[in-house]
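Just below is one structure, and these are the notes that go with it.
The values are calculated or read from the model by the stated rules, or taken from the named source; none is laboratory data. Computed from a predicted model, the values in this text were never measured in an experiment. Cβ placement follows ideal geometry from the backbone for every residue including glycine, while neighbour counts extend to all protein chains displayed. These area figures cover heavy atoms from the full protein model, side chains too; ligands, DNA and RNA do not enter into them. Shrake-Rupley method; radii C 1.70, N 1.55, O 1.52, S 1.80 Å.
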Amino acid sequence: MDAYKLMKELRVNYEQEVFYLPKETGLSLIESTTQDDSRISAKCRDAKVEDLWSLTSFFGYSTQTFVLAVNLLDRFLAMMRIQPKHLSCVSLSCLHMAAKVTEEECNLTPTDELIRIGQCRFTVSDLARMEKIVAEKLNFKSKAVTALTFLHLYHRIALSHSTDRKETLNLEKLEAQLKACLCRISFSKAKPSVLALSLLRQEIEAVQSEDMLEIAYHIQRHLKIADAELLLWSGRVAQCLSDYASPECSKPNHRKLQWIVSRRTAQNLHSYRSVPELPTIPEGGWDESESEDSCEDVMSSGEESLSSSLGSDAEGPFFPLHFRRQKHRQHLLHA
């Protein structure tokens, strides 16, 4: 696709993004809610999004599935008042809905397996009812304009000007950084076009490319994004990635799901689905007196998070090296 058609497509998506934004008043209400309240708090929402990241990685789902699931979740939470005990059902419903429109049918996780691996207490029929409610409230059909939509378009526009930028602008890295940002509810208030451009500029500044910076500036002018708005969100993106790269930040280690899937459970999974490449639990370390279904009783309003098993794209190499060095020096100075 030539540059003109890409810019036209960019403009069309820019005009449509407003229809897929969560209500800002609803997001602000969530941010102001305390952990002791009967409503969903920002911390509770963020932990659940990290769980979704874990599950998309575990089942081999695409970034598109994760981003769409988060978009559906935030729009629903910003519109409806739900209790914390129902959040697992809502979030898993959003993931399943997203997967059904973005993944190949042969790669879809059966609903019962999704519930089991997600450590949820509700039934398949509960999930189906919740999906129907979410779809009706959001008038969801099959798509949404998200920050990933713009990130892909920006990347294609950059490549259309010069093919030798493919390795410099690592799309996989940009997607991983977008996931990290979406794990904070504050970024759901950003326009997807602005959040994606902030991430792009962050990467361009890291590689110190003047010509790519000119491309980013051209995109900004084409979409008429105000300097102040872009500067605001660029600063927040930089802070988020800096915090994430800090040695004080808990890093995912892929170990959580190891203790969720027993050997017997893994054997019961469909043969077409590969079991994650993790060491199995030693026979001596598993209490045979406990049912393998006991994990279904774990999740409730005080659920244990899966977020310590985020995907491999959540690890250090995809986050700014200069941030990690800077934060490490600060850590040593204050030690």
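How far is the Cα center of the range 142-161 from the Cα center of the range 174-220, in Å?
11
Accessible area of the range 147-254 with a 1.4 Å probe: how many percent of it is carbon plus sulfur?
Values: 2270 of 4690 Å².
Accessible surface attributable to carbon and sulfur in the range 147-254 totals 48 percent.
How much length would be gained if the chain were fully extended between ASP112 and LEU29, taking 0.36 nm per residue of separation minus their Cα-Cα distance, in nm to one decimal? The partial results should precede the final answer.
On the way: separation 83, 0.36 × 83 = 29.88 nm, distance 3.31 nm.
Here the answer is 26.6 nm.
Return the FRET efficiency for the residue pair GLU9, ARG184: r is the Cβ-Cβ distance, R0 is 25 Å, and the value is rounded to the nearest 0.05. Before the final figure, lay out the partial values.
On the way: r = 29 Å, r/R0 = 1.14.
The formula returns an efficiency of 0.30 here.
Determine how many Å³ per residue the convex hull of the Cα atoms of the range 91-197 encloses. Provide the component values of the computation, followed by the final result.
Numbers: hull volume 15.3 nm³, N = 107.
Normalising the Cα hull of the range 91-197 by residue number yields 143 Å³.
Roughly how many percent of the accessible protein surface of the range 21-138 is carbon and sulfur, given a 1.4 Å probe and a whole-percent answer? Don't skip to the answer; put the middle values down first.
Details: 2370 of 4930 Å².
C and S atoms contribute 48 percent here.
Would you mind getting the accessible area per residue of the range 147-254, heavy atoms of the protein chains only, 1.4 Å probe, in Å²?
Working: 4690 Å² over 108 residues.
In whole numbers, the range 147-254 has 43 Å² accessible per residue.
Return the distance in nm (one decimal) between the two label points of a simple spin-label model at LEU213 and SER142, each offset 7 Å from Cα along Cα→Cβ.
4.3
Against the empirical 2.2 N^0.38 Å scaling, what ratio does the C-alpha Rg of the range 21-138 come to? It would help to have the intermediate numbers written out before the result.
Numbers: Rg = 13.5 Å, N = 118, 2.2 N^0.38 = 13.5 Å.
So the Cα radius of gyration is 1.00 times the expected 2.2 N^0.38 Å.
Using +1 at the C-beta of Lys and Arg and -1 at the C-beta of Asp and Glu, which of VAL134, CYS94, PHE58 has the Cα lying farthest in the positive direction of the dipole of the range 21-138?
Of VAL134, CYS94, PHE58, it is VAL134.
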